[in-house]
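The structure under discussion appears below in the form of C-alpha cells.
The values are calculated or read from the model by the stated rules, or taken from the named source; none is laboratory data. Remember, predicted model here, so these are calculated numbers, not experimental data. With ideal geometry, Cβ positions are generated from the backbone for all residues, glycine too; neighbour counts draw on all protein chains shown.
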Amino acid sequence: MEAVNQHRLPAGHNAQVAVMSYSCYDIEDALIMNKSSLDRGFGRTAVYKKSVTECEINQRNKESRFNERIDEPPTKTHNTKKKFIKKYHALDSDGITKVGAQLHHGDIYVNKKTPQVPDNPQIENIQIADTPSVFKEKWPYTVDRVLIINNTNDGTEKIKTVKTIFRQIRRPEFGDKFSSRHGQKGVVGLIVNQEDMPFNERGWCPDLIMNPHGYPSRMTIAKLMELLCGKLGALEGKFKYGTAFGGENVLQVGEELLKRGFHYQGKDCLISGITGEYMECYVYQGPIFYQRLKHMVIDKIHARAKGPMEKLTRQPVEGRAKDGGQRIGEMERDCFLAYGASNLLIERLLISSDPFNVYVCEICGMFKSDSVCRGCNTDKVYQIRLPYCCKLLFQELLAMNIKPKLQLVPSHERQEYTMN
Amino acid sequence: MDIQDASRVVYICGKCGKDVQLEAKDIVRCQCGYRILYKKRKADPKNPPQYEAI
Amino acid sequence: MYKYNFEQNTQHRIEILELNDEKCKFSFEGDLSIANAIRRVMIAEVPVMAIHFVDIIENTSPLSDEFLAQRLGLIPLVSSAADSKMYDWEADADSIDDQKTKVVFTLRQKNLNDAPLEITSQHLEPEFGQVGEMAIRPVRMFSPINGKEVGIPITRLGKNQSVHVRCHALKGFGKMHAKWSPINIATFRHEAEINMDQTQLQSLSLSEKNAIRNSCPMNVFAMDANQDLIVNAIEKCVFCEECIRSAESMKKPRLIKMQHKKNKYIFTVESAGQLKAAEIVQKALIVLRKKVDEISQDLNFAQQQQQI
C-alpha cells in the first residue's frame, strides 16, 4: 500500500458490505447493489477508446497532390439529404471532430479523402474518394481528446496522424463484475432501491450485499479481517492493517468496537427494509474495498435476427464482432432431441440456418439443376429441402469418387414438413 | 497568445502549451518546433451537448 | 411472525423527542406496517427539486462532462416551494420550458489566476431571479471550522480553464434517483424491553451486578440506592446482548430477557437540506394519505359502477 501509494490513489471504493442473503439473486457469488449508492457514484468508471487515422503518401505516385488529406465537411445545399449531412455534425472546419462532441453509431469523426491515381498522370481532374473514419460503437461516446501529429520527418510513408480518444462514463448495471482484493469476484445480480435494503437503527444501509457462501470453501480470512478492522478504522478515522501477518489483533479490535457501542464480532442487528421487522440473526457488516473489473455487460451484450452468413456453408457467421449468430451446439441439439422438440430442431438447424432447395432425380438419386434428369431421361425429379452444408458434403464426396445416392420415399408425411 | 476569432479551430502545442492556429494547407507544427498538437475545446453556445445528471 | 393487533392499534400517537431543522427524532406508537410505510415514503416519495439536465456549453475543467453533470445533480436544492412546481411529465408539451416545471441555473466561471479556483454551489446563479426564503436555490453550507459560508465544491479550475454550464432543475422523488431523496437518514428502531428475573438478581453479588452494568457499551443499566441493578436508559439499548453474555458467564443464562417492544418505534430523520426535517415527515404523511385516498376513491367508484 505505502510502497506504491495506493492509499492516495485508490482504484475502487470502500463499500459498506452486509454479509447476508437477499432475494436469491445473490447465488453463485452474485452481488446485490443499492441503487442509491449507484446514483451517488459508486463504482462509476470511465472507459476510453483510441482510434488512429493516418494520411499516407500514395504508393503509386508520390506527388503531393495524390497524398491523402483531411477535408472540411460538406456544406448544406438544397439537394443534400438531411441524413447525409447529419453524419458530419461533429466535425469542425478542419474536418476533425470537435472535442466534447457526442458521437453515435455511423457518425464521421475524421473526414479523410483519398485521391485516386489515374492511369495517365497528366490528367488534371483526379477523382477523390471518400475514406472517412466512421464511428462504429453501438452506444454513444464523447470525444475526450484529439491529437494531430506531424509525421513528415519520421521516414515513414505518412504525412499526418490523427489520434482520437473517446470516453464513456459507465454506471454499474446488471452483470457488471466487481471484486474485493481477496479474489472474491462476483457479478451484480440485482439492484435494489434503498428503501428495500436492510438498515440499522443508526440509519446505516449497505452499498452492497454479499452472500456468506463465498467464505467457507475459499477461506478468505483476510476479507473477514478487512471488514472488522475497516469498521474500527472508520470509527476511529485511522488506517488499519487487515493483514494476518502482524496486522491488528482481532480480539483487541473487538474490544475497541464494543467500547464504541458495536457488537464485538462486527455483527449488527439489522431491520428488513421491506417489512420493517428485525432480522432474526445478526449480520456481519462493515466496509470492504471493492474494485470494478473490466468485464462489463455493455461490451458483451449481443443478439441478432438476421445478418451475415458464411460464404462456404451459408450458415450464420460466428462471434459478436461479426454480428454472428448464437450457436446451437451438439449438446443443445441433444437436449432438443431428448425433449422431442422436433419442429424446434428443424427450425434451429435448418430454417434459421442454411435452408436450400434442390432437385433430386428419383432414379439416379443425384442433385439436378431443374426438374428434368437428362441422364435417366425422366421427369421424376422432385424438389427437396435440405441444409446447404448437406448438399456441400454430398458434392465433396462426389469429388472424391464416392456417390451418395439420395433415396426418395413417396411419403404423405413429407407434406407436413414442407413449409412452402 | 489568446486568439479571438471564434470560428477558427485552435490547437494547443503538446510541449510549450501555447495556442496554435493552422490553415488547411499548413504543416502541423508549433512555433517551438514540436509536432504534436492537441485540439482545443471550444465553447458551443448554440448546440451544447446535454447530459442527464444520473 | 408479524400479526396485526386490531385492539391495540386503534390509536396512533407521535411524541417528539428532538427537533431542529436538520434532525427530527420522535417516537411513534402504532402499527409496524404503517411505521415502515412512513419510513419508505420519506426515502423514496417526498418530492423535491434537483438538477437533472445539464447543457455543457464550455468545460475545460479537469472533470469530464458526465462527471460534472452528476456532481451538479447531487447538489441539494432548497425545495420548500417544490409543491408549486409540476413534474415535467404533468406539463403539456408547450409549457415544458415554462417556469412551472423547472428552475434554471447557470454556472459561468473562468480562472485567470495562477492559483486554482474552487467552483462551488455558490457560483450557481438562478436564471429567473427568484429571491427570498421560498426561492429554489442550492442549500447553504457552512465551514465547520470558522462558520463561514463555503458552498458545496463542484470542481476546481486551473489557470485559463473555464466552465460554462446551464442546469435545468426538475421536480422528482427518491425512487427515480437518489438526488431527489430529501433525507440523509430515515430510520426507526423498536424500543427494547429488558426484563430481569428478580429472584436470580437477588442471588448476585455486588461485583457481579457491577460487571453486568459495565458490560453494556451504551450504559443502559444503573445501580439504584439499594445497590440493585435497574434498567436506567432503555432508549439507548442497541440489542448487542452483551449483558446476556455477561450473565451467561456467571452461569445465569435466564437472568436477563431482551425483547423488542411491539407498537412503539423511535424514528430518526435527518434532512439532506432540501426540506426541514419535520417538513419531510409531514410531506411523507401527505403522500401516504393521498395514496390511501386514491384507493378508497377507486373503490367507491367501482361500487357505484356495480350498483348501476
Count of the stretch C:218-245 residues which are assigned to a helix (DSSP H, G or I) and either touching a Lys or Arg at 6+ places or on another chain (Cβ under 9 Å) or touching a residue at least 40 places away in the same chain (Cβ under 8 Å) (or both)
4
Residue by residue through the stretch A:223-243, note down the ones that are touching a Gly at 6+ places or on another chain (Cβ under 6 Å) and part of a helix (DSSP H, G or I).
A:225, A:226, A:227, A:228, A:229, A:230, A:231
Give me the residue from the stretch A:1-53 that is over 28 Å from residue A:272 (Cβ atoms) and among the hydrophobic types (A, V, I, L, M, F, W, C) and, out of that set, nearest to the other protein chains (Cβ to nearest Cβ).
A:46
Kindly indicate the residue of the stretch C:192-211 that is among the hydrophobic types (A, V, I, L, M, F, W, C) and in contact with an Asp or Glu (Cβ under 9 Å, 6 or more places away or on another chain) and also nearest to residue C:258 (Cα to Cα) among those meeting that condition.
C:192
Mind telling me which of the residues A:287, A:206 ends up being in a loop (DSSP other than H, G, I, E, B) and either touching a residue at least 60 places away in the same chain (Cβ under 8 Å) or among the aliphatic types (A, V, I, L, M) (or both)?
A:206
Output for the stretch A:4-57, where each listed residue is surrounded by fewer than 13 Cβ atoms within 10 Å (Cβ to Cβ) and in contact with a helix residue (DSSP H, G or I) (Cβ under 6 Å, 6 or more places away or on another chain):
none
So how many residues does the stretch A:75-101 have that are surrounded by fewer than 17 Cβ atoms within 10 Å (Cβ to Cβ), farther than 23 Å from residue B:21 by Cα and of a type outside the set (Ser, Thr, Tyr)?
9
Can you name the number of the only condition in (1) over 26 Å from the mean Cα position of the chain (by Cα); (2) facing another protein chain (nearest Cβ under 10 Å) that residue C:229 fails?
(2)
Criterion (more than 14 Å from chain C (Cβ to nearest Cβ), within 27 Å of the chain's Cα centre (by Cα) and either of a type outside the set (Ser, Thr, Tyr) or more than 26 Å from residue C:182 (Cβ to Cβ) (or both)) met by exactly one of A:192, A:162:
A:162
Within the stretch C:47-86, take every residue that is at the interface with chain B (Cβ under 7 Å from one of its Cβ atoms) and in a helix (DSSP H, G or I) and give me the one that is farthest from the chain's Cα centre (by Cα).
C:65
Here, helices (runs of 4 or more DSSP H) confined to the stretch A:292-349 with at least 1 residues that are of a type in the set (D, E, K, R) are A:297-300, A:330-339
Only one of C:158, C:172 is within 14 Å of chain B (Cβ to nearest Cβ), in contact with a Phe, Trp or Tyr (Cβ under 8 Å, 6 or more places away or on another chain) and at pLDDT 90 or above, namely C:172
Kindly provide the set of residues from the stretch A:259-296 that are out of contact with any Asp or Glu (no Cβ under 7 Å at 6 or more places or on another chain), within 11 Å of chain C (Cβ to nearest Cβ) and farther than 30 Å from residue C:31 by Cα, ordered by number.
A:259, A:260, A:265
State yes or no: is residue A:165 in the same structural domain as residue A:104 (by TED's automatic domain parsing), under 25 Å from residue C:70 (Cα atoms) and among the β-branched types (Val, Ile, Thr)?
yes
Being surrounded by 16 or more Cβ atoms within 10 Å (Cβ to Cβ) and under 30 Å from residue A:391 (Cβ atoms) is true for just one of A:253, A:317. Which residue is that?
A:317
Residue within the stretch A:141-157 that is of a type in the set (D, E, K, R), within 14 Å of chain C (Cβ to nearest Cβ), buried (at least 17 other Cβ atoms within 10 Å of the Cβ) and under 21 Å from residue A:293 (Cα atoms) present
no
Which of the residues that make up the stretch C:188-217 are aliphatic (A, V, I, L, M) and in a helix (DSSP H, G or I)?
C:201, C:206, C:211, C:212
Quick one: in the stretch A:58-109, which of the residues that are touching a residue at least 60 places away in the same chain (Cβ under 8 Å) and hydrophobic (A, V, I, L, M, F, W, C) is farthest from the other protein chains (Cβ to nearest Cβ)?
A:66
Whichever residue in the stretch A:342-380 is of a type in the set (Val, Ile, Thr) and modelled with pLDDT of 90 or more and, among such residues, is surrounded by the most Cβ atoms within 10 Å (Cβ to Cβ)
A:360
Any chance you could count how many residues in the stretch C:152-187 are closer than 30 Å to residue B:40 by Cα and not in a strand (DSSP E or B)?
5
Being among the charged types (D, E, K, R) and surrounded by fewer than 14 Cβ atoms within 10 Å (Cβ to Cβ) is the filter; apply it to the stretch A:230-250 and report the residue that is farthest from residue C:217 (Cα to Cα).
A:238
When the residues of the stretch A:44-91 are narrowed to those that are in a loop (DSSP other than H, G, I, E, B) and in contact with a Phe, Trp or Tyr (Cβ under 7 Å, 6 or more places away or on another chain), which ends up farthest from residue A:10 (Cα to Cα)?
A:58
